[in-house]
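Enquirer: I am attaching a structure below and will ask some questions about it afterwards.
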Amino acid sequence: MKLLLGLLLCSLVLGVSSQRWLSFVSEATQGAWDMWRAYSDMREANYKNSDKYFHARGNYDAAKRGPGGVWAAKVLSDARENLQSLMGRGAEDTEADQAANEWGRSGKNPNHFRPKGLPEKY
């Protein structure tokens, strides 16, 4: 646990560089909230083949917050995929999820992954 916290703190320090701390932390917090909202929506929708859309959307929304949001999206996405890999999830699915994550983080439209029939609410 201490190692994870240390890595997270180092990653934060290195990710901030010359940007103001408060702005970066605010963006990261908002970005983390965007990621949580996309995850919650995915669970609520429970819609077939919508996983990649919600991955892309969460990363897209977080990245729009600024560098702190991009950092939060990357850290959370990587942590989730690494945890799922450890739990035996296939490498192919992890790679597809990471591609959707990167798609969204780079500012590309997450609707590229939107399945037909997914309610407009999402």
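Just so it is clear, none of the values below were taken in a lab; they were calculated from the coordinates. Quantities reported herein were computed from a predicted structural model and do not represent experimental measurements. FYI the Cβ positions are ideal-geometry reconstructions off the backbone, even for glycines, and counts take in every protein chain you see.
Enquirer: So how many Å³ per residue does the convex hull of the Cα atoms of the range 36-77 work out to?
Expert: Details: hull volume 2.2 nm³, N = 42.
Each residue corresponds to 51 Å³ of Cα convex hull volume.
Enquirer: Please report the net charge: other residues with Cβ closer than 10 Å to the Cβ of Ser26, K and R +1, D and E -1.
Expert: On the way: positive: Arg20, Arg65; negative: Glu27.
Neighbour charge sum, excluding Ser26 itself: +1.
Enquirer: Give, as a single signed number, the net charge of other residues whose beta carbon lies under 14 Å from the beta carbon of Arg57, with Lys and Arg counted +1 and Asp and Glu -1. Kindly include the intermediate steps, with their values, before the conclusion.
Expert: Numbers: positive: Arg37, Arg43, Lys52, Lys64, Arg65, Arg105, Lys108, Arg114, Lys121; negative: Asp34, Asp41, Glu44, Asp51, Asp61, Asp97, Glu102, Glu120.
Summing Lys/Arg as +1 and Asp/Glu as -1 gives +1.
Enquirer: Using the C-alpha atoms of the range 56-122, what convex hull volume per residue, in cubic angstrom, is computed? Walk me through the numbers before you get to the answer.
Expert: On the way: hull volume 6.1 nm³, N = 67.
Output value, Cα hull per residue: 92 Å³.
Enquirer: Place a +1 charge on the Cβ of each Lys and Arg in the range 45-122 and a -1 charge on the Cβ of each Asp and Glu, then give the dipole magnitude about the Cα centre in debye, rounded to the nearest 20.
Expert: Rounded to the nearest 20 debye, it is 380 debye.
Enquirer: Could you sort 55-62, 43-50, 31-38 so that the peptide with the highest average Cβ count within 10 Å comes first and the rest follow in order? Please list the in-between numbers first.
Expert: Working: 55-62: 27.4, 43-50: 12.5, 31-38: 20.5.
Highest to lowest by the protection proxy: 55-62, 31-38, 43-50.
Enquirer: Hey, rough spin-label estimate for Ser23 and Asn109, points 7 angstrom out along Cα→Cβ, what's it come to in nanometres?
Expert: Reported label-point gap for Ser23 and Asn109 is 3.0 nm.
Enquirer: Ranking request for peptides 96-105, 83-92, 109-118: highest mean number of other beta-carbon atoms within 10 Å first, then the rest in descending order.
Expert: Working: 96-105: 19.9, 83-92: 9.7, 109-118: 14.0.
Averaged packing, sorted descending, gives the order 96-105, 109-118, 83-92.
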